[in-house]
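Structure record follows, encoded as structure tokens.
The values are calculated or read from the model by the stated rules, or taken from the named source; none is laboratory data. These numbers come from a predicted model, not from an experiment. FYI the Cβ positions are ideal-geometry reconstructions off the backbone, even for glycines, and counts take in every protein chain you see.
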Amino acid sequence: MAYSSSVWFDFTGSLALIVVLTGAYGYVKRRLFTHQQSQMLLGLAFGGVACLQMNMPIEPVEGLILDLRNVPMVLCGAFLGMRAALLCFAMAVMTRYGIGGLGMWAGLMGLTISLLVGAAWAWLTRSDSSRRFTHLVVLAIASSGHLGAGFVLPDATQAWFFANAAIPLGVMNFASILIAAYMLDQEQGKITRENRLAAAVVCDPDHGALTRPAFEREIQLRVNAGTMQAPAALMVVKLRHTSALFSIVPSILRNKILGLIRIRLKQAFVNADLVCALDSTALIVPLDTNQFLNRADVEHDVMQLMRSEPFQVSNDISKLIAVDTKVFSWSRGVSLEATLRSIKFSFLPKRKNSDNWAAQKPKIPEVLKLNVALVASPTLSDQSTTADLFGKAEVLMGSRHVS
């Protein structure tokens, strides 16, 4: 067997399949999957390769299957986490059990040893900021421990296995695991560096609001330092009448509007400087328990602050900018991303049928009546500020104007 060209050709094909699989690792980790989802996907992928290896075996003796099924198993335990490793292990065990044969129990024991070797290596090297090449060599050598499962084979088959198959199989396992582990380790290093660079970007370059990782990190630091309570809610401050507003403001200045809102929000309440962008038209601000209980007052203060005076968008454009505010609870244990997805979903426009829309659309006489009521209102004195005028117009007409 050691000198059979077909055997080495088959092993080279199996190794190529594993190398392709490790190349897909970076793609999956960079996609917008959660950590749990990426583990499940990679566990399925590595488990699928292990099953494929067992269904394309080298079988020198009937029932004795030789392949690289243990390579994905070791790599899962070493690099992908226990969730992926257990999923891969379950798929491989069921496949090997279904195949049967006199080497079945040895195969199952080999899979178990491979899982334990990978998991033990990951645990022992967990405190190292970066793994050295010698660590990978140790993993490749230790992975050959699954060959010890050959001792449970029948005597005649056991003798043949250790005399003919163990050495070439160990060499191929060592080479394939060393190559694949090196690729996975390099990819993990690249992803870690990319994540650190992304985390180093604290603020959006246009409007200055914190990025989401920086927002979450700053909240945690302030809570741990005792300078703020743990947030109980998130308040959304969303631009109103964006279509009309953006038709007036040049596109190059649109992101500046959120920046102006952010600066003025700092005056609203304690920790209002912690601001993150929800999208291009809305900001989010954390509220502690007391602020959440008094959210009506907080929202009122923010609304009053926004319409207190016009915003100087540019040298030529000075506008009162109307906003909507809405508070959403943020339960402990729920991630920021999940809460923001829920918030975004709540802002999706609700479809209206033509009858409802016709019933809700104000008629021209009603609009005229409201305009007359606004002009004739005795509560609007000559000393009324522009902000008061717009505020009362909002109450009477049910909308804010941008002027």
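Exactly one residue out of Val236, Val270 is touching a Lys or Arg at 6+ places or on another chain (Cβ under 6 Å), touching a residue at least 24 places away in the same chain (Cβ under 8 Å) and either more than 15 Å from His207 (Cα to Cα) or assigned to a loop (DSSP other than H, G, I, E, B) (or both), and it is Val236.
When the range 113-142 is filtered for residues that are in contact (Cβ under 8 Å) with a residue 12 or more places away in the chain and either among the polar types (S, T, N, Q) or not assigned by TED's automatic domain parsing to the domain that holds Thr95 (or both), the ones remaining, listed by number, are Ser114, Ser130. From the list Ser38, Ser14, the lone residue that is modelled with pLDDT under 80, part of a helix (DSSP H, G or I) and in the same structural domain as Ala92 (by TED's automatic domain parsing) is Ser14.
Would you check if there is a residue in the range 154-169 being within 25 Å of the chain's Cα centre (by Cα), in the same structural domain as Arg132 (by TED's automatic domain parsing), surrounded by fewer than 16 Cβ atoms within 10 Å (Cβ to Cβ) and among the β-branched types (Val, Ile, Thr)? No - not one qualifying residue is present in the range 154-169. Applying the condition of being modelled with pLDDT of 80 or more and hydrophobic (A, V, I, L, M, F, W, C) to the range 296-319 and asking which residue is surrounded by the fewest Cβ atoms within 10 Å (Cβ to Cβ) yields Ala296.
Figure legend. Inter-residue proximity from the range 322-348: first residues at negative phi and among the basic types (Lys, Arg), second residues in a strand (DSSP E or B) and surrounded by fewer than 17 Cβ atoms within 10 Å (Cβ to Cβ), beta-carbon distance below 9 Å, spacing 6+ or different chains. Indicated pairs: Lys344/Asp279.
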